[in-house]
1. Within region 131-143, how many residues turn out to be surrounded by 14 or more Cβ atoms within 10 Å (Cβ to Cβ) and either modelled with pLDDT under 95 or in a strand (DSSP E or B) (or both)?
2. Could you tell me how many of the residues in region 105-128 are in contact (Cβ under 8 Å) with a residue 40 or more places away in the chain and either loosely packed, with under 14 Cβ neighbours inside 10 Å or farther than 18 Å from residue 27 by Cβ (or both)?
3. Here is a list of conditions, (1) in a strand (DSSP E or B); (2) under 17 Å from residue 113 (Cβ atoms); (3) under 11 Å from the mean Cα position of the chain (by Cα), and residue 49 meets all of them except one; can you say which number that is?
4. Just to check your reading of the model, which residue among 95, 8 is surrounded by fewer than 16 Cβ atoms within 10 Å (Cβ to Cβ), out of contact with any helix residue (DSSP H, G or I) (no Cβ under 7 Å at 6 or more places or on another chain) and in a loop (DSSP other than H, G, I, E, B)?
5. Could you list, in sequence order, all residues of region 11-32 that are closer than 14 Å to residue 74 by Cα, touching a helix residue (DSSP H, G or I) at 6+ places or on another chain (Cβ under 8 Å) and in a helix (DSSP H, G or I)?
6. When you go through 69, 12, 41 one by one, which is the residue that is touching a residue at least 24 places away in the same chain (Cβ under 8 Å) and within 19 Å of residue 127 (Cβ to Cβ)?
7. So which residues in region 121-143 are touching a helix residue (DSSP H, G or I) at 6+ places or on another chain (Cβ under 9 Å) and closer than 24 Å to residue 96 by Cβ, if there are any at all?
């Protein structure tokens, strides 16, 4: 089930964030993600965050937003391809008229997921911190 983030979720969410970033972004050194963990720990409670909690009350994924910008959708490695990312994105689509995000071009699995979810590539960019090419993608509610 999708629910709002609570402070007690922080440790589980941070572990998912670190593990999935390292797994999905093998083209970026693992040290990059570890170096940014403290900043994410500080920013998460300030963001709009929703978690997917499984039957065992274990957090299996989450989505973070700043306004209409998706900062990321993260699903623990052992729970990927089980529809959790789709459930999270469907949940936030029901609350927004437009969403945007940045995704690394080399993360082809994520690019394909967002395209299936009707996000369109608006333009190509380069992430100033990693030097990696990324897409800026947008979804608009059909009226």
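1. Residues that pass the stated criteria total 6.
2. Result for region 105-128: 1.
3. For residue 49, the exception is condition (2).
4. Exactly one of 95, 8 is surrounded by fewer than 16 Cβ atoms within 10 Å (Cβ to Cβ), out of contact with any helix residue (DSSP H, G or I) (no Cβ under 7 Å at 6 or more places or on another chain) and in a loop (DSSP other than H, G, I, E, B), namely 95.
5. 13, 14, 17, 18, 19, 20, 21, 22, 23, 24
6. Within the list 69, 12, 41, the selection yields 69.
7. Scanning region 121-143 gives 121, 135, 137, 139, 141.
The values are calculated or read from the model by the stated rules, or taken from the named source; none is laboratory data. This structure is a prediction, so every number in the text was calculated from the model and none was measured. Note that each Cβ is placed from the backbone with ideal geometry, even for glycine, and that neighbours are counted across all protein chains shown.
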